[in-house]
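Data first, discussion second: the structure below is written as structure tokens.
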Amino acid sequence: MRLFTLVAKACILTCLLCTALPNAACAKRVIVAVNDDYAPFTFRANGTLSGFDIDMWEEIAHELKLDFMYRPEDFSNIFDTLLAGRADLAVTGLSITDQRKTIVDFSIPYHHTGLRLLVRESEEKITDVNDLAGRIVACKIDTTSAEFATRRIPDAMVSLFRNIDDAFLDLQFRKIDAIIFDAPAVEHYAANAGKGRVKAVGPLLDPQDYAIAFKKNSPLLDQVNKALERMKQDGRLDRLRERWLGKTQEGGN
């Protein structure tokens, strides 16, 4: 009986500690959904997840003492993964939209950007979206770029890709005429792997904000928002932006 009483007291104490310290070791592991082909935000470098969002999330997790693991997903599965409860949140350059807000909760924005147009380096006839009628334009499936192209350029032939890297290659091999995609990814590719072969043209399109997506009514949302606000105030977000995007101010070029 005495042993039973001691065990019962230990269980009660453990429960009280977990209630009082939700970020302690007793808290459950947080599952973080990512799409790992979105440089420079979430991508693999030598097999390891890297990028702006990865560094930002790991800074937040360290500050909040969260135990977590990544769950790589195709971008088209990210929101289904949250809705099905297979992940607690998603950090992968997600734009806030009214439609998405009906199914998930978003953190405060951490980056302001938009879309850009990518063409071959030798292309002289395409300088903005008004030149895309009758052209084959690639976008990533289920992204704001696909929605924008369908709505804004009805006379273009929109080709949807699951992996944006495949679209980058098809552009160089002249299978498509242009790509519309998130400005940071377009600019990163043009300045690195596609340097000398492709170029970003035209102004920033369809301005939008990136945020972390959570399952509805997540207890983590308020804590993460406060951590993000601290990172904005103390300059850590600007330092990440300078490291990964080459600029200290929010927004595309």
For this session: Would you be able to say whether some residue in segment 240-251 is part of a loop (DSSP other than H, G, I, E, B) and buried (at least 20 other Cβ atoms within 10 Å of the Cβ)?
Result: no
For this session: Pull up segment 124-149, narrow it to residues that are β-branched (Val, Ile, Thr) and out of contact with any helix residue (DSSP H, G or I) (no Cβ under 8 Å at 6 or more places or on another chain), then point me to the one that is surrounded by the fewest Cβ atoms within 10 Å (Cβ to Cβ).
Result: Thr127
For this session: Specify which of the listed residues (Phe181, Phe161, Phe168, Phe173) is touching a Gly at 6+ places or on another chain (Cβ under 9 Å), aromatic (Phe, Trp, Tyr), outside the structural domain of Ala39 (by TED's automatic domain parsing) and closer than 25 Å to Ala45 by Cα.
Result: Phe168
Problem set entry | Residues located in segment 173-190, provided they are touching a residue at least 40 places away in the same chain (Cβ under 8 Å) and outside any strand (DSSP E or B) | Arg174, Ile176, Asp177, Ala183, Pro184, Ala185, Val186, Glu187, His188, Tyr189, Ala190
Exercise. Is it true that some residue in segment 107-123 is assigned by TED's automatic domain parsing to the domain that holds Ala185, among the charged types (D, E, K, R), modelled with pLDDT of 95 or more and exposed (fewer than 15 other Cβ atoms within 10 Å of the Cβ)?
Worked result: yes
Seminar exercise, completed: Within segment 58-85, the residues that are surrounded by fewer than 16 Cβ atoms within 10 Å (Cβ to Cβ) and among the hydroxyl-bearing types (Ser, Thr, Tyr) are Ser76
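Test of understanding: among Asp165, Asp222, which residue is surrounded by fewer than 18 Cβ atoms within 10 Å (Cβ to Cβ), part of a helix (DSSP H, G or I) and without any contact (Cβ under 8 Å) to a residue 40 or more places away in the chain?
Asp222
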Exercise. Do the conditions hold for Lys195, that is, is it in the same structural domain as Phe68 (by TED's automatic domain parsing) and over 18 Å from the mean Cα position of the chain (by Cα)?
Worked result: no
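The values are calculated or read from the model by the stated rules, or taken from the named source; none is laboratory data. Only a predicted model underlies this, so the values are computations on that prediction, with no experimental measurement involved. Heads up, the Cβs are rebuilt from the backbone with ideal geometry, glycines too, and the neighbour counts pull from every protein chain shown.
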